[in-house]
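Could you have a look at this structure, given as structure tokens, before my questions?
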Amino acid sequence: MLVDVGLVDRPRILRANPALSRITGYALGRLLTMSLNDLAAADGGDDRVTALAQLAGGESLIDVAQDHWLHADGRDIWVQLNSTPIGSIDTRLLVVLVEDVTDRLAADRELQQLALHDPLTGLANRVLMVDRLEHALAATRRDNTQVAVLYVDLDGFKAVNDGSGHAAGDQMLQLVGQRLRSHLRPADTVARVGGDEFVLICPHIGGHTHARALADRLSALLAQPYPIGDRLAHVTASIGVAVSTAGEGVEDVLRAADLDMYAHKRRRRGQ
């Protein structure tokens, strides 16, 4: 399409082809009464205006960017814009090549989800958990705060899995994940790192006392019955706690939480 960016807050569409009509859902005649802002979603407006202003000012570079548009039927579409000025610096015209990349971005997001999340529960997997913990520990060194790591291992899960079948075991793991996620703050991370093992990362914790109190609340929460099929199933949880100290790395904190969990499991299951 050909765009007049003389007024960068309302860059007018001067010429378009049928491909743009197919991408946006608008008839060609309607497109020629619109500006780029009429196509665009509300987010990113300032960046869009700034980029167009730079190009309208005579930039000779080809500008490639992604933008969030709305289809004529109201659904979200994502487009890649390849824009370059034409003519003299005073013409303020841009030729813009538009490519619909909605499906490509959706596929990329799905691949990222699969790579970083547990497929059964939707929780973070070990790869994402380690990355989150690295960032949390780095923040503690900057802010002089602490991060707590809670290592959760279910007691009695094997009996449920063996007695009621793998489908029932999978449903229980999903319910455990939902309970853990619902009880924590948005900034906390819940990850499934093994069959019935979960790791919780809680930044800006108020020391070991607060972390242990959280573990006790979670232990009581996870001990409540689980509706599995037409019956109620029960498990308990052994929870180990580690609170970061200066200079500790990811493996140090995870090992400390893991060892604490096994100490609780040895003393009494479900403690």
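Using helices alone, what [θ] at 222 nm do you get for the chain, with -39,500 (n - 2.57) per DSSP H run of 4 or more residues, divided over all residues and rounded to the nearest 500?
Values: 10 runs with 119 residues, N = 271.
Using -39500 (n - 2.57) per qualifying helix, the result is -13500 deg cm²/dmol.
A further question follows. Ignoring any ligand, DNA or RNA, what whole percent of the accessible area of the chain comes from carbon and sulfur when the probe is 1.4 angstrom? Kindly include the intermediate steps, with their values, before the conclusion.
Working: 7520 of 14220 Å².
Reported share for carbon and sulfur atoms: 53 percent.
Positive end of the charge dipole of segment 71-174 (Lys, Arg +1 and Asp, Glu -1 on Cβ, about the Cα centre): tell me which of Val160, Leu93, Gln80 has its Cα farthest that way.
Checking the options against the dipole of segment 71-174, the answer is Leu93.
What FRET efficiency would be calculated for the residue pair Glu99, Arg142, taking the C-beta separation as r and a Förster radius of 51 Å, to the nearest 0.05? If you can, show how the numbers build up before the last one.
Numbers: r = 41 Å, r/R0 = 0.80.
The value I calculate is 0.80.
So how much accessible area does Thr145 have, in Å² to the nearest 10, using a 1.4 Å probe?
About 50 Å², ignoring ligands and nucleic acids.
If you build a Gaussian network model of the chain, linking Cα atoms that sit under 10 Å apart, which residue out of Asp153, Asp73, Asp118 swings the most?
Maximum fluctuation in the GNM of the chain, among the listed residues, is at Asp73.
With +1 on each Lys and Arg Cβ and -1 on each Asp and Glu Cβ, how big is the dipole of the chain about its Cα centre, in debye rounded to the nearest 20? Working shown, then result.
On the way: 28 positive and 35 negative charges, 179 e Å.
Dipole size: approximately 860 debye.
Return the distance in nm (one decimal) between the two label points of a simple spin-label model at Leu70 and Arg217, each offset 7 Å from Cα along Cα→Cβ.
Output for this residue pair reads 4.0 nm.
Follow-up. Between rounded, prolate and oblate, where does segment 106-159 land on the alpha carbon gyration tensor, with a ≥ b ≥ c its root eigenvalues, rounded for a/c under 1.5, else prolate if a/b exceeds b/c? Please report the intermediate quantities before stating the final value.
Working: a/c = 4.33, a/b = 1.18, b/c = 3.69.
Verdict is oblate for segment 106-159.
Go through (i) 27, 22, 19; (ii) 44, 25, 19; (iii) 54, 24, 13 and flag the label whose value is the computed semi-axes √(5λ) of the Cα gyration tensor in Å for this structure.
Of the labelled values, this structure produces (iii).
How much accessible area per residue does the chain have, in Å², with a 1.4 Å probe? Mind dumping the intermediate values first?
Numbers: 14220 Å² over 271 residues.
Per-residue value: 52 Å².
Is the C-alpha gyration tensor of segment 84-205 telling us rounded, prolate or oblate? Criteria: a/c under 1.5 is rounded; beyond that, a/b larger than b/c is prolate, otherwise oblate. List each step's numbers first, then the result.
Details: a/c = 4.36, a/b = 1.83, b/c = 2.38.
Verdict is oblate for segment 84-205.
Moving on to the next point. For the chain, modelled as a GNM with alpha-carbon contacts under 10 angstrom, which of Leu20, Leu150, Leu200 fluctuates the most?
Leu20
Can I ask one more? Which value, in debye to the nearest 20, gives the size of the charge dipole of segment 117-178 about its Cα centre, when Lys and Arg are +1 and Asp and Glu are -1 at the Cβ? Spell out each step's value before the answer.
Numbers: 5 positive and 8 negative charges, 49 e Å.
Using Cβ point charges on Lys, Arg, Asp and Glu, segment 117-178 gives about 240 debye.
With the Cα gyration tensor of segment 119-271 giving a ≥ b ≥ c as the square roots of its eigenvalues, does the rule (a/c under 1.5 for rounded; else a/b larger than b/c for prolate; else oblate) give rounded, prolate or oblate?
Details: a/c = 2.14, a/b = 1.78, b/c = 1.20.
It comes out prolate by the Cα gyration axes.
Keeping all protein chains in the complex and leaving out DNA, RNA and ligands, what accessible area do you get for Glu110 with a 1.4 Å probe, in Å² to the nearest 10?
Rounded to the nearest 10, the figure is 120 Å².
Identify which of Gly163, Gly207, Gly194 has the largest mean-square fluctuation in a Gaussian network model of the chain, with springs joining Cα atoms closer than 10 Å.
For the chain, modelled as a Gaussian network with Cα springs under 10 Å, the answer is Gly163.
The values are calculated or read from the model by the stated rules, or taken from the named source; none is laboratory data. As the structure is a prediction and not an experimental result, all values here were calculated from the model. Please note: Cβ atoms are built from the backbone with ideal geometry, for glycine as well, and neighbour counts cover all protein chains shown. Calculation scope for accessible area: heavy atoms of the full protein, side chains included, ligands and nucleic acids excluded. Shrake-Rupley method; radii C 1.70, N 1.55, O 1.52, S 1.80 Å.
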